[in-house]
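J.: Just passing along the structure, written as structure tokens.
The values are calculated or read from the model by the stated rules, or taken from the named source; none is laboratory data. Keep in mind that this is a model prediction, so the values were computed, not measured. Note that we place each Cβ from the backbone using ideal geometry, even for glycine, and neighbour counts take in every protein chain shown.
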Amino acid sequence: MPLHLTNISKSFGAVKALQNIDFDLADGEIHAVCGENGAGKSTLMNLLSGNLQPDSGEIQLNNKVVQFKNQTHATVCGIAIVYQHLSLFENQNIAENIFVDQFPTTRLGLIDYKKLYSETALLLQKLNFDPTLRPQTRVSELSAGQKQLVEIAKALSKKPAILILDEPTASITEDDVIVLFNIIRQLKATGTSIIYISHRIEEIFTLAERVTVLKDGQKVGVYPTVNLSKQALIALMVGRALPSTTNQRTKTEIVALKVERLGNTYIKDISFQLFRGEILALAGLVGAGRTEIAKTIFGALKKEEGEIFLNNTAIQINSPADAIRNQIAYVPEERKTLGLFQEMSIAENISSIFFTSNQPFFHDAAKTSRIASDYRKKLNINSASISQKVAQLSGGNQQKVVLAKWLSSNPEVLIVDEPTHGIDVGAKFEIYQLLKKLAAEGKAILLISSELPEILAISDRVLVIKNGRIAKELTTAQTSEEEILKWAM
Amino acid sequence: MIRKIFSNRVYSLGLTIIFMGLLASVVFPTTFPTFQNFSQILLNLSIDTIVAVGMMLLLISGVFDLSVGSVVAFSGCLTAYLLFFLHWPVPMALIAGLFSSAVIGGINGYFIAYLGINPMIQTLAMMGIVRGLALLVSGAGIQGLPYWFNAISQSKLLGVQMPIWYMLCIVGATAYLTANTTFLKRFYFIGGNEKAAELSGIDVRRMKLFSFVFIASLAGFAGILLASRLGAALPTSGRGLELRVITAVILGGASLQGGTGKIQGALLGALFMGVVANIMVIARISGYWQEIILGIILILAVCIDKALQKN
């Protein structure tokens, strides 16, 4: 069933996630979609699967205009999606997961278990599923690769004409990847069209006939894979526009933070030095272990190996409180779930840093509200007053509140995790300026970002993280997005 | 301005109580507005309110404790047992009663904060265990307690019964400390966003452990007061107290999601329920209706809250 998208646009507030996207998919084609983190791939897939509705533009399926009301509607029309994050019910068995929204029933309206299990067995057979596992097996007992296959079986149970696979190999082993690829090719042979999203460039070349490249919510182009090289594809993905900042390096030779052979379940053998006045960036794909490095330094994740030195003295950090006492601050990613007290005011949010056990017994409300008003002015937090609830602020202003909170603890080492995620261009620019100013004041800054242009614009050095290890250290002035991506992928 | 008063539960509830009191004074001028009646209302709600202070702190941090009613019974029974059968001196027996209550809270807190047991399940189980312990210790109940023990609740200061003074002191001190100390104010952050509180350097687990020890100690104290007031310890006392206290605290401005509520609200919530019950007794309305009306009031209060939040 051919699919055509014309002029699709979608915005979230001030953020333009997709602008005037054209896309087409032929019968029995494997069409890859790629782009950096935040290029708009997920938004595009959500539009196709009915989870989001476009602001403008047209979706044509089988040469008829369609408007998907929700995911069920898209499924009825023949589009099924397999998500990047597994969305199975661990407490249910394979069959129940696959038929969750379409249980076969007996004449009395009860669940027809016989039919449920026989149909599931048939589907699993089609996918060459490990024969020792039965439809009655609990999903919690499966490996990540097997779970991914169950997800695909679930999508196939709806007999789709178009199957969307969002990073299907992100969490599975090499062996499972081979199994998965065979299945994908088999599906293609039976006439199913496939949209394949992946960060792994090799996979795109192995599987897809054409690839559509997205950048900053815009379409760069669509290219046949036969006459495209890996380098050429990376070059197409990079080079996003960004507000420019003045480039003044303030890095000193004084080591502020040094970590040696840091390791735990998520990261291995992490050693680096962070200098005063420096912005050191951790680059890498989502899930590479960047946040885990930060959280381990901050004491929010258990450190199993290695040592942390602050100003050349070894320090023991077993909890965030220890880190704060040592003047290390961590501005977490996902400000809504990890950073903010949504129902509380700006002043209360900023003051929340003054409740560790080494604070004086009585809370000095006058002092903290003075600090809050200072930062409201200094960081230009756009709000009615410091007693306004943070839930009412825009994303950029919320981020400034979280930054203000951590700056008021007067840190020497500031770790910022995706500080500009989901905020508009103006606020981004202000945050870049702020980080550079802090570095100029002698603070040591560890920046985690998925936006390569951001890393290139404000950092001094880059550590590329891959699979929980440092893959490469690069000097920002002498590197490029291509080089960083090459090490990250 | 009016909006502000209505969205602050301490003000809106306070005004409602005053309004109800004035209305009752007009309708029942000889029976309602008397010193005798007022002190009776306060005396009746003093036990509940002391426990409600702890419950408010728990609900601010987003959890609750169902075992408090049983702890009230247990601490009274244990103290009475030590006094009556083992002839312990009064201060020693009091300390033992309070300490064992704190230990029960410590067990609750440890299982909830450090082992991750759901608070409702943990305290529900403890509710049964502790009620059983109270029965084991006291059998059908212990009567004939020493004079000095009974004096704890039965004496008066400035013409007002002692339990009322204890209640006012506990409410006043906890309200002041919760609003002004870095230690107790942490509960608002824990209730607002537990993960963010943890990342802000607050030892969330230790605070949770503390809060369960705190409420159990208050319940232990309330149990001693109750036994002393009756001159007897009954293993059945405090039945249903936990739900009454949670009702009072929710009326007083707490929410099950945590993050909101003031300690004063616990007193006002209990006072509101006490005044409603008192008016109904004076008006000779059947006791059955009290429960029905209180239930309706609770639903109404929560609905009004929801409506105010939407605007």
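J.: Of all residues in segment B:259-311, which are part of a loop (DSSP other than H, G, I, E, B) and within 11 Å of residue B:13 (Cβ to Cβ)?
T.: First, the residues of segment B:259-311 that are part of a loop (DSSP other than H, G, I, E, B): B:259-262, B:283-286, B:311.
Of everything in segment B:259-311, just one residue is part of a loop (DSSP other than H, G, I, E, B) and within 11 Å of residue B:13 (Cβ to Cβ), namely B:262.
J.: Out of the residues in segment A:308-338 meeting the condition of being within 9 Å of chain B (Cβ to nearest Cβ) and part of a loop (DSSP other than H, G, I, E, B), tell me which one is farthest from residue B:260 (Cα to Cα).
T.: Among residues in segment A:308-338 that are within 9 Å of chain B (Cβ to nearest Cβ) and part of a loop (DSSP other than H, G, I, E, B), the one farthest from residue B:260 (Cα to Cα) is A:319.
J.: Do the conditions hold for residue A:125, that is, is it assigned to a helix (DSSP H, G or I), of a type in the set (S, T, N, Q) and surrounded by 21 or more Cβ atoms within 10 Å (Cβ to Cβ)?
T.: Numbers: assigned to a helix (DSSP H, G or I): yes; of a type in the set (S, T, N, Q): yes; surrounded by 21 or more Cβ atoms within 10 Å (Cβ to Cβ): no.
So residue A:125 fails the test.
J.: Just wondering, is there one or more residues in segment A:71-88 that are surrounded by fewer than 14 Cβ atoms within 10 Å (Cβ to Cβ) and part of a loop (DSSP other than H, G, I, E, B)?
T.: yes
So that you can scan it fast, the table gives a plain yes or no per residue for (1) closer than 19 Å to residue A:172 by Cβ; (2) under 28 Å from the mean Cα position of the chain (by Cα); (3) among the hydrophobic types (A, V, I, L, M, F, W, C):
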site	(1), (2), (3)
A:79	no, yes, yes
A:106	no, no, no
A:112	no, no, no
A:118	no, no, no
A:122	no, no, yes
A:127	yes, no, yes
A:132	yes, no, no
A:135	no, no, no
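J.: Hey, another quick one. Which residue out of A:314, A:329 is farther than 26 Å from residue A:384 by Cβ and modelled with pLDDT of 90 or more? Quick ask: steps written out before the conclusion?
T.: Details: A:314 fails: modelled with pLDDT of 90 or more.
Testing whether each residue is farther than 26 Å from residue A:384 by Cβ and modelled with pLDDT of 90 or more leaves just A:329.
J.: OK, next. Is it true that residue B:177 is under 22 Å from the mean Cα position of the chain (by Cα), modelled with pLDDT of 90 or more and at the interface with chain A (Cβ under 10 Å from one of its Cβ atoms)? Break it down stepwise before answering.
T.: Values: under 22 Å from the mean Cα position of the chain (by Cα): yes; modelled with pLDDT of 90 or more: yes; at the interface with chain A (Cβ under 10 Å from one of its Cβ atoms): yes.
Criteria met by residue B:177.
J.: Does residue B:211 satisfy the condition of being within 14 Å of chain A (Cβ to nearest Cβ) and in contact with a Leu (Cβ under 8 Å, 6 or more places away or on another chain)?
T.: no
J.: Quick check: anything in segment B:182-201 among the β-branched types (Val, Ile, Thr), surrounded by fewer than 18 Cβ atoms within 10 Å (Cβ to Cβ) and either farther than 30 Å from residue B:116 by Cβ or facing chain A (nearest Cβ under 10 Å) (or both)? Lay out the reasoning, then the answer.
T.: Start the filter on segment B:182-201 by keeping residues that are among the β-branched types (Val, Ile, Thr), which leaves B:182, B:190.
Those left that are additionally surrounded by fewer than 18 Cβ atoms within 10 Å (Cβ to Cβ): none.
No, segment B:182-201 contains no residue that is among the β-branched types (Val, Ile, Thr), surrounded by fewer than 18 Cβ atoms within 10 Å (Cβ to Cβ) and either farther than 30 Å from residue B:116 by Cβ or facing chain A (nearest Cβ under 10 Å) (or both).
J.: Among the numbered conditions (1) more than 14 Å from chain B (Cβ to nearest Cβ); (2) touching a Phe, Trp or Tyr at 6+ places or on another chain (Cβ under 7 Å), tell me where residue A:427 comes up short.
T.: Every condition holds for residue A:427 apart from (2).
J.: Could you list, in sequence order, all residues of segment A:258-288 that are surrounded by fewer than 23 Cβ atoms within 10 Å (Cβ to Cβ), of a type outside the set (A, V, I, L, M) and assigned to a loop (DSSP other than H, G, I, E, B)?
T.: Within segment A:258-288, A:264, A:265, A:266, A:268, A:269, A:276, A:277, A:287 qualify.
J.: In this structure, does residue A:445 turn out to be farther than 23 Å from residue A:354 by Cα and not in a loop (DSSP other than H, G, I, E, B)?
T.: Working: farther than 23 Å from residue A:354 by Cα: no; not in a loop (DSSP other than H, G, I, E, B): yes.
No; evaluated as a whole, the condition is false for this residue.
J.: Which residues, counting only those in segment B:116-136, are farther than 13 Å from residue B:70 by Cα, in a helix (DSSP H, G or I) and not polar (S, T, N, Q)? Lay out the reasoning, then the answer.
T.: Going through segment B:116-136, the residues farther than 13 Å from residue B:70 by Cα turn out to be B:116-122.
Those left that are additionally in a helix (DSSP H, G or I): B:119-122.
Listed by number, the residues that qualify are B:119, B:120, B:121.
J.: Also, I was wondering about something else. Out of the residues in segment A:346-386 meeting the condition of being more than 22 Å from residue A:421 (Cα to Cα), within 13 Å of chain B (Cβ to nearest Cβ) and of a type in the set (S, T, N, Q), tell me which one is surrounded by the fewest Cβ atoms within 10 Å (Cβ to Cβ). Walk me through it before giving the result.
T.: Of segment A:346-386, the ones more than 22 Å from residue A:421 (Cα to Cα) are A:347-348, A:351-374, A:377, A:384-386.
Applying the additional criterion that residues be within 13 Å of chain B (Cβ to nearest Cβ) yields A:347-348, A:351-368.
Okay, now just the ones that are also of a type in the set (S, T, N, Q), so A:351-352, A:356-359, A:368.
On the way: A:351: 26, A:352: 29, A:356: 20, A:357: 14, A:358: 9, A:359: 16, A:368: 20.
The residue in question is A:358.
J.: Regarding residue A:291, is this residue within 22 Å of the chain's Cα centre (by Cα), free of Cβ contacts under 8 Å to residues at least 12 places away in the same chain and either within 14 Å of another protein chain (Cβ to nearest Cβ) or not in a helix (DSSP H, G or I) (or both)? Reasoning before the result, please.
T.: Values: within 22 Å of the chain's Cα centre (by Cα): yes; free of Cβ contacts under 8 Å to residues at least 12 places away in the same chain: no; either within 14 Å of another protein chain (Cβ to nearest Cβ) or not in a helix (DSSP H, G or I) (or both): yes.
Answer is no for this residue.
J.: Next up: For residue B:50, only one of the following conditions fails: (1) over 18 Å from the mean Cα position of the chain (by Cα); (2) over 22 Å from residue B:204 (Cα atoms). What is its number?
T.: Checking residue B:50 against (1) over 18 Å from the mean Cα position of the chain (by Cα); (2) over 22 Å from residue B:204 (Cα atoms), the one that fails is (1).
J.: Pull up segment B:46-65, narrow it to residues that are under 16 Å from residue B:255 (Cβ atoms) and of a type in the set (Gly, Ala, Ser), then point me to the one that is surrounded by the fewest Cβ atoms within 10 Å (Cβ to Cβ).
T.: By that ranking, first place goes to B:62.
J.: Could you please let me know if residue A:401 is surrounded by 20 or more Cβ atoms within 10 Å (Cβ to Cβ) and over 25 Å from residue A:251 (Cα atoms)?
T.: Working: surrounded by 20 or more Cβ atoms within 10 Å (Cβ to Cβ): yes; over 25 Å from residue A:251 (Cα atoms): yes.
Yes; evaluated as a whole, the condition is true for this residue.
J.: Quick one: in segment A:48-66, of everything that is assigned to a loop (DSSP other than H, G, I, E, B) and more than 30 Å from the chain's Cα centre (by Cα), which residue is nearest to residue A:83 (Cα to Cα)?
T.: To start, the set of residues in segment A:48-66 that are assigned to a loop (DSSP other than H, G, I, E, B) comprises A:49-55, A:62-63.
Subset that is more than 30 Å from the chain's Cα centre (by Cα): A:62-63.
Working: A:62: 24, A:63: 26 Å.
Result: A:62.
J.: Take residue A:402 and tell me if it is touching a residue at least 60 places away in the same chain (Cβ under 8 Å) and farther than 30 Å from residue A:17 by Cα. Full working, then the answer.
T.: Values: touching a residue at least 60 places away in the same chain (Cβ under 8 Å): yes; farther than 30 Å from residue A:17 by Cα: no.
In short, no.
Matching residues to (1) surrounded by 17 or more Cβ atoms within 10 Å (Cβ to Cβ); (2) among the small types (Gly, Ala, Ser):
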| residue | (1), (2) |
| --- | --- |
| A:144 | no, yes |
| A:174 | no, no |
| A:180 | yes, no |
| A:197 | yes, no |
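J.: If I filter segment A:2-26 down to residues being at pLDDT below 85 and either within 24 Å of residue A:203 (Cα to Cα) or not in a strand (DSSP E or B) (or both), which single residue comes out as farthest from the chain's Cα centre (by Cα)?
T.: Just the residues of segment A:2-26 that are at pLDDT below 85, to begin with: A:2, A:11-17.
When the remaining residues are screened for being either within 24 Å of residue A:203 (Cα to Cα) or not in a strand (DSSP E or B) (or both), the result is A:2, A:13-14.
Numbers: A:2: 30, A:13: 19, A:14: 20 Å.
Selected residue: A:2.
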